[in-house]
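For reference, the structure discussed in these notes is given below.
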Amino acid sequence: MQFNIPDSPQKRVVIVGGGFAGLTLARKLAKSDFQVVLIDKNNYHQFQPLFYQVAMAGLEPSSIVFPFRKVFQNSKNVFIRVTKVLSVNPLSNEIETEIGALRYDYLVL
């Protein structure tokens, strides 16, 4: 399996984690001149502060969870990959994941 991300003259920003910080940064960079790769072990974001509402049957689980693809469906420069990061090699600007290695210009953990 491979990342299948096209080479581009744009600088590549790899964001590891689709939590609040990673998602906010990816949204802002989606409108910029960067190639953005969002890596997360899940393909969705959970709004965790409302878990108690779901536990009390006040909300449906689907109301606090949404897929990353829905957020970035109109962004041509954002790529989402579901995998786990195994290691970071800062000397060669690469991360190693379960689906292979990926080069980056900027890495956000």
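How long are the semi-axes of the ellipsoid equivalent to the chain, from square roots of 5 times the Cα gyration tensor eigenvalues, in whole Å, largest first? Walk me through the numbers on the way to the answer.
Details: eigenvalues 156, 48, 27 Å².
Taking √(5λ) for each Cα gyration eigenvalue gives 28, 15, 12 Å.
Gaussian network model of the chain, Cα springs within a sub-10 Å range: biggest mean-square fluctuation belongs to which of N89, N43, N77? Maximum among the listed residues: N89.
What translational diffusion coefficient, to the nearest whole µm²/s, does segment 1-41 have by Stokes-Einstein, given a Kirkwood radius computed over alpha-carbon pairs, a temperature of 37 °C and 0.692 mPa s viscosity? Don't skip to the end; give the middle numbers.
Numbers: Rh = 10.9 Å.
In µm²/s, the coefficient is 303.
Would you mind calculating the gained length between K76 and T24 on full extension (0.36 nm times residue separation, minus the Cα-Cα distance), in nm to one decimal?
On the way: separation 52, 0.36 × 52 = 18.72 nm, distance 1.71 nm.
Answer, rounded to one decimal: 17.0 nm.
Can you send over the carbon and sulfur percentage of the accessible area for the chain, probe radius 1.4 Å, protein chains only? Don't skip to the answer; put the middle values down first.
Details: 3760 of 7010 Å².
The value for the chain is 54 percent carbon and sulfur by accessible area.
Annotation: the antiparallel percentage among DSSP beta bridges lying fully within segment 14-93 is about 25.
Entry comment: accessible area of the chain is 64 Å² per residue, from protein heavy atoms only and a probe of 1.4 Å.
Helical content of the chain, expressed as a calculated mean residue ellipticity at 222 nm, amounts to -4000 deg cm²/dmol (DSSP H runs of 4 or more residues, -39,500 (n - 2.57) each, divided by residue number, nearest 500). Measuring r between the beta carbons of V88 and M56 and using R0 = 35 Å, the FRET efficiency lands at 0.30. Calculate how steeply helix 20-29 sits against the longest principal axis of the alpha-carbon atoms of the chain, using the helix alpha-carbon long axis, and give the answer as 0 to 90 degrees to the nearest 10. In the chain, helix 20-29 runs at an angle near 50 degrees to the longest axis.
What FRET efficiency comes out for Q2 versus N42 if R0 is 25 angstrom and r is the Cβ-Cβ distance? Round to the nearest 0.05. Could the numbers behind the result be given before it?
Working: r = 20 Å, r/R0 = 0.81.
It comes out at approximately 0.80.
The values are calculated or read from the model by the stated rules, or taken from the named source; none is laboratory data. Computed from a predicted model, the values in this text were never measured in an experiment. Ideal geometry is used to build each Cβ from the backbone, glycine not excepted, and the neighbour counts take in all protein chains shown. For accessibility, only protein heavy atoms count, side chains too; no ligands or nucleic acids. Shrake-Rupley method; radii C 1.70, N 1.55, O 1.52, S 1.80 Å.
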